[in-house]
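Okay, so here's the structure we're looking at.
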Amino acid sequence: MITETKAIVLRLTETVGGRRMIALLTEDHGKISAGAFSEERNRKKSGLALRPFSLGSYELRKTGENWHINRSEVLNSHYGLGSDVEKYMAACYALELTDKLLPELAKAPELFSLLAQFLDMLEEKSCHCGLLQAAFTLKALQTIGQEPLLGSCTGCGDSSSLIALNPSAGGAWCSACKTSLPNERLIYAPGFDIVGILKFMADQPFARMRRLALDEKALTYIQAYLRAHLSAHLDIGELKSDVGR
Ligand SMILES: [Zn+2]
(Lines give C-alpha, C1' and ligand atoms only; values in the text may rest on other atoms or scores of the structure.)
Protein backbone atom coordinates (compact mmCIF):
# COMPACT_ATOMS: atom_id res chain seq x y z
CA MET A 1 0.00 0.00 0.00
CA ILE A 2 1.22 3.49 -0.82
CA THR A 3 -0.28 6.53 0.84
CA GLU A 4 0.44 10.26 0.98
CA THR A 5 -0.08 12.16 4.23
CA LYS A 6 1.01 15.21 6.13
CA ALA A 7 2.97 14.47 9.29
CA ILE A 8 5.12 15.94 12.03
CA VAL A 9 8.41 14.26 12.97
CA LEU A 10 8.38 13.31 16.65
CA ARG A 11 11.64 11.37 16.84
CA LEU A 12 14.56 10.41 14.66
CA THR A 13 16.83 7.45 15.39
CA GLU A 14 19.90 6.75 13.27
CA THR A 15 20.72 3.08 12.92
CA VAL A 16 23.56 1.22 11.26
CA GLY A 17 23.94 1.33 7.49
CA GLY A 18 22.48 4.81 7.04
CA ARG A 19 19.00 3.63 7.91
CA ARG A 20 16.85 5.93 10.01
CA MET A 21 13.77 5.20 12.05
CA ILE A 22 11.36 8.09 12.21
CA ALA A 23 8.41 8.38 14.59
CA LEU A 24 5.78 10.41 12.74
CA LEU A 25 2.49 11.82 13.89
CA THR A 26 0.56 11.58 10.65
CA GLU A 27 -2.64 13.42 9.91
CA ASP A 28 -4.35 10.33 8.51
CA HIS A 29 -2.92 7.27 10.29
CA GLY A 30 -1.94 8.49 13.76
CA LYS A 31 1.50 7.76 15.13
CA ILE A 32 3.67 5.44 13.07
CA SER A 33 7.31 4.41 13.03
CA ALA A 34 8.73 4.42 9.54
CA GLY A 35 12.12 3.52 8.15
CA ALA A 36 13.98 5.71 5.69
CA PHE A 37 17.18 5.23 3.73
CA SER A 38 18.77 8.55 3.04
CA GLU A 39 19.85 8.78 -0.56
CA GLU A 40 22.94 10.91 -0.90
CA ARG A 41 21.66 13.04 -3.76
CA ASN A 42 18.47 13.95 -1.91
CA ARG A 43 20.01 13.97 1.50
CA LYS A 44 19.86 17.68 2.13
CA LYS A 45 16.28 18.15 1.04
CA SER A 46 14.83 14.95 2.46
CA GLY A 47 17.05 15.19 5.55
CA LEU A 48 15.22 18.31 6.59
CA ALA A 49 11.86 16.57 6.32
CA LEU A 50 13.13 13.84 8.63
CA ARG A 51 14.23 16.11 11.46
CA PRO A 52 12.16 16.56 14.65
CA PHE A 53 9.72 19.52 14.55
CA SER A 54 9.40 19.29 10.77
CA LEU A 55 5.95 19.32 9.26
CA GLY A 56 6.05 17.70 5.88
CA SER A 57 4.28 15.78 3.20
CA TYR A 58 5.25 12.12 3.17
CA GLU A 59 4.74 9.30 0.70
CA LEU A 60 4.62 6.15 2.79
CA ARG A 61 4.77 2.53 1.71
CA LYS A 62 3.41 -0.21 3.93
CA THR A 63 4.75 -3.74 3.54
CA GLY A 64 3.22 -6.18 6.01
CA GLU A 65 3.48 -4.39 9.35
CA ASN A 66 6.36 -2.14 8.29
CA TRP A 67 6.19 1.44 7.09
CA HIS A 68 8.78 3.06 4.91
CA ILE A 69 9.18 6.66 3.77
CA ASN A 70 9.46 6.69 -0.01
CA ARG A 71 9.57 10.43 -0.45
CA SER A 72 9.29 13.47 1.77
CA GLU A 73 8.94 17.18 1.32
CA VAL A 74 9.25 19.85 4.00
CA LEU A 75 6.29 22.18 4.39
CA ASN A 76 7.55 23.89 7.55
CA SER A 77 10.80 22.90 9.28
CA HIS A 78 10.07 25.15 12.30
CA TYR A 79 13.73 25.99 11.99
CA GLY A 80 13.39 29.16 14.07
CA LEU A 81 12.75 27.13 17.22
CA GLY A 82 16.42 26.16 17.33
CA SER A 83 17.54 29.70 18.07
CA ASP A 84 15.74 30.11 21.41
CA VAL A 85 16.40 27.62 24.21
CA GLU A 86 13.05 28.13 25.92
CA LYS A 87 11.05 27.69 22.71
CA TYR A 88 13.20 24.73 21.70
CA MET A 89 12.60 22.96 25.03
CA ALA A 90 8.84 23.68 24.89
CA ALA A 91 8.75 22.15 21.40
CA CYS A 92 10.76 19.11 22.59
CA TYR A 93 8.29 18.73 25.47
CA ALA A 94 5.30 18.75 23.08
CA LEU A 95 6.87 16.10 20.84
CA GLU A 96 7.79 13.91 23.81
CA LEU A 97 4.35 14.24 25.41
CA THR A 98 2.56 13.51 22.11
CA ASP A 99 4.75 10.45 21.60
CA LYS A 100 3.88 9.18 25.10
CA LEU A 101 0.15 9.94 24.86
CA LEU A 102 -0.44 7.96 21.69
CA PRO A 103 -0.12 4.26 21.04
CA GLU A 104 1.05 3.25 17.56
CA LEU A 105 -1.57 3.73 14.83
CA ALA A 106 -4.13 5.39 17.11
CA LYS A 107 -5.80 7.96 14.88
CA ALA A 108 -5.34 11.46 16.23
CA PRO A 109 -6.12 14.13 13.62
CA GLU A 110 -7.06 16.70 16.30
CA LEU A 111 -3.79 16.19 18.15
CA PHE A 112 -1.95 16.51 14.84
CA SER A 113 -3.60 19.92 14.22
CA LEU A 114 -2.96 21.01 17.80
CA LEU A 115 0.72 20.10 17.65
CA ALA A 116 1.15 21.90 14.31
CA GLN A 117 -0.56 24.97 15.76
CA PHE A 118 1.56 24.84 18.92
CA LEU A 119 4.82 24.72 16.92
CA ASP A 120 3.63 27.68 14.80
CA MET A 121 2.63 29.71 17.86
CA LEU A 122 5.99 29.05 19.53
CA GLU A 123 7.70 30.61 16.52
CA GLU A 124 5.81 33.86 17.00
CA LYS A 125 7.96 36.67 18.28
CA SER A 126 6.48 37.18 21.71
CA CYS A 127 5.03 34.06 23.19
CA HIS A 128 4.83 32.85 26.75
CA CYS A 129 6.35 29.38 26.43
CA GLY A 130 5.33 28.15 29.89
CA LEU A 131 1.72 29.16 29.46
CA LEU A 132 1.50 27.75 25.94
CA GLN A 133 3.10 24.51 27.12
CA ALA A 134 0.52 24.13 29.91
CA ALA A 135 -2.32 24.95 27.50
CA PHE A 136 -0.96 22.46 24.97
CA THR A 137 -0.90 19.74 27.64
CA LEU A 138 -4.50 20.46 28.60
CA LYS A 139 -5.72 20.57 24.98
CA ALA A 140 -3.77 17.41 24.10
CA LEU A 141 -5.52 15.61 26.98
CA GLN A 142 -8.87 16.85 25.62
CA THR A 143 -8.17 15.38 22.18
CA ILE A 144 -7.74 11.90 23.68
CA GLY A 145 -10.61 12.23 26.18
CA GLN A 146 -8.36 12.24 29.27
CA GLU A 147 -8.83 15.83 30.35
CA PRO A 148 -9.43 16.91 33.95
CA LEU A 149 -13.09 17.12 35.00
CA LEU A 150 -13.75 20.71 36.01
CA GLY A 151 -17.51 21.33 35.90
CA SER A 152 -18.30 19.65 39.22
CA CYS A 153 -16.55 18.14 42.20
CA THR A 154 -14.94 14.77 41.42
CA GLY A 155 -15.63 13.76 45.02
CA CYS A 156 -19.34 14.50 45.47
CA GLY A 157 -20.61 15.87 42.14
CA ASP A 158 -21.58 19.23 43.59
CA SER A 159 -20.85 22.17 41.33
CA SER A 160 -20.54 24.90 43.96
CA SER A 161 -17.42 26.15 45.78
CA LEU A 162 -14.88 24.28 43.69
CA ILE A 163 -11.75 25.45 45.40
CA ALA A 164 -9.05 22.90 44.68
CA LEU A 165 -7.86 20.27 42.24
CA ASN A 166 -7.44 16.64 43.17
CA PRO A 167 -5.01 14.87 40.80
CA SER A 168 -5.88 11.33 41.84
CA ALA A 169 -9.64 11.99 41.48
CA GLY A 170 -8.96 13.67 38.13
CA GLY A 171 -10.24 17.21 38.55
CA ALA A 172 -12.12 19.74 40.65
CA TRP A 173 -12.63 19.35 44.41
CA CYS A 174 -15.10 21.28 46.56
CA SER A 175 -14.68 22.91 49.97
CA ALA A 176 -17.04 20.41 51.67
CA CYS A 177 -14.97 17.45 50.40
CA LYS A 178 -11.79 19.25 51.41
CA THR A 179 -13.10 19.39 54.97
CA SER A 180 -14.61 15.90 55.12
CA LEU A 181 -11.65 14.17 53.44
CA PRO A 182 -8.63 15.96 54.88
CA ASN A 183 -6.13 13.31 53.82
CA GLU A 184 -6.63 13.81 50.06
CA ARG A 185 -3.60 15.31 48.32
CA LEU A 186 -4.87 18.47 46.69
CA ILE A 187 -3.52 21.32 44.60
CA TYR A 188 -4.93 24.25 46.46
CA ALA A 189 -3.89 27.79 45.54
CA PRO A 190 -4.99 30.35 48.12
CA GLY A 191 -5.95 33.59 46.42
CA PHE A 192 -6.49 32.02 42.99
CA ASP A 193 -9.59 30.49 41.42
CA ILE A 194 -7.47 27.62 40.20
CA VAL A 195 -10.43 25.54 38.95
CA GLY A 196 -11.91 28.56 37.15
CA ILE A 197 -8.60 29.37 35.46
CA LEU A 198 -8.08 25.80 34.27
CA LYS A 199 -11.70 25.60 33.08
CA PHE A 200 -11.31 28.84 31.16
CA MET A 201 -8.20 27.46 29.46
CA ALA A 202 -10.04 24.23 28.66
CA ASP A 203 -13.06 26.01 27.19
CA GLN A 204 -11.25 28.56 25.04
CA PRO A 205 -9.79 27.77 21.62
CA PHE A 206 -6.06 27.16 21.75
CA ALA A 207 -5.30 30.20 19.55
CA ARG A 208 -6.70 32.46 22.30
CA MET A 209 -3.95 31.32 24.67
CA ARG A 210 -1.49 33.65 22.98
CA ARG A 211 -3.37 36.59 24.48
CA LEU A 212 -4.04 35.12 27.90
CA ALA A 213 -2.35 36.91 30.78
CA LEU A 214 -1.86 34.62 33.72
CA ASP A 215 -0.19 35.25 37.06
CA GLU A 216 3.09 33.29 37.23
CA LYS A 217 2.16 31.79 40.59
CA ALA A 218 -1.19 30.57 39.26
CA LEU A 219 0.63 29.09 36.27
CA THR A 220 2.94 27.18 38.62
CA TYR A 221 -0.09 25.58 40.31
CA ILE A 222 -1.64 24.72 36.94
CA GLN A 223 1.61 23.12 35.77
CA ALA A 224 1.89 21.14 39.00
CA TYR A 225 -1.66 19.87 38.56
CA LEU A 226 -1.12 18.84 34.94
CA ARG A 227 2.05 16.91 35.84
CA ALA A 228 0.24 15.12 38.66
CA HIS A 229 -2.73 14.37 36.35
CA LEU A 230 -0.44 12.86 33.68
CA SER A 231 1.26 10.76 36.31
CA ALA A 232 -1.96 9.58 38.01
CA HIS A 233 -4.08 8.87 34.92
CA LEU A 234 -1.70 8.19 32.05
CA ASP A 235 1.28 6.80 33.91
CA ILE A 236 3.45 9.50 32.37
CA GLY A 237 6.15 10.42 34.83
CA GLU A 238 8.90 12.96 34.45
CA LEU A 239 9.47 14.04 30.87
CA LYS A 240 13.13 14.70 30.14
CA SER A 241 12.30 17.86 28.20
CA ASP A 242 10.08 19.31 30.94
CA VAL A 243 12.45 21.94 32.27
CA GLY A 244 9.82 24.09 33.98
CA ARG A 245 9.63 21.99 37.14
ZN1 LIG B 1 -17.14 17.65 46.73
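Among the residues here, LEU132 qualifies as out of contact with any His (no Cβ under 7 Å at 6 or more places or on another chain), in contact (Cβ under 8 Å) with a residue 40 or more places away in the chain and either surrounded by fewer than 23 Cβ atoms within 10 Å (Cβ to Cβ) or among the aliphatic types (A, V, I, L, M) (or both). Only a single criterion out of (1) more than 16 Å from the ligand (Cβ to nearest atom); (2) without any contact (Cβ under 8 Å) to a residue 40 or more places away in the chain; (3) aromatic (Phe, Trp, Tyr) is not satisfied by TYR188, namely (1).
Screening PRO182 on (1) within 16 Å of the ligand (Cβ to nearest atom); (2) more than 24 Å from ILE144 (Cα to Cα); (3) touching a residue at least 12 places away in the same chain (Cβ under 8 Å) shows it passes everything except condition (3).
Considering only the stretch 191-201, I want to know if a residue exists there that is more than 15 Å from the ligand (Cβ to nearest atom), under 21 Å from LEU234 (Cα atoms) and in contact (Cβ under 8 Å) with a residue 60 or more places away in the chain. Yes, some residue in the stretch 191-201 is more than 15 Å from the ligand (Cβ to nearest atom), under 21 Å from LEU234 (Cα atoms) and in contact (Cβ under 8 Å) with a residue 60 or more places away in the chain.
Residue-level check: of (1) outside the structural domain of LEU131 (by TED's automatic domain parsing); (2) among the basic types (Lys, Arg); (3) modelled with pLDDT under 95, LYS31 misses just (3). The single condition among (1) at positive phi; (2) at pLDDT 90 or above that LYS87 does not satisfy is (1).
Candidates in the stretch 54-108 are the residues that are free of Cβ contacts under 8 Å to residues at least 60 places away in the same chain and among the aromatic types (Phe, Trp, Tyr); of these, the one that is farthest from MET121 (Cα to Cα) is TRP67. Under the condition of being closer than 30 Å to PHE112 by Cα and among the β-branched types (Val, Ile, Thr), which residue from the stretch 141-179 is nearest to the ligand (Cβ to nearest atom)? Taking the candidates together, the pick is THR154. Please work out if ALA140 is within 18 Å of the chain's Cα centre (by Cα), in contact (Cβ under 8 Å) with a residue 60 or more places away in the chain and assigned to a helix (DSSP H, G or I). It is false that ALA140 is within 18 Å of the chain's Cα centre (by Cα), in contact (Cβ under 8 Å) with a residue 60 or more places away in the chain and assigned to a helix (DSSP H, G or I).
The values are calculated or read from the model by the stated rules, or taken from the named source; none is laboratory data. Just so we're clear, the structure is a prediction, and the values are computed from it rather than from any experiment. Backbone-built Cβ (ideal geometry, glycine too); neighbour counts: all protein chains shown.
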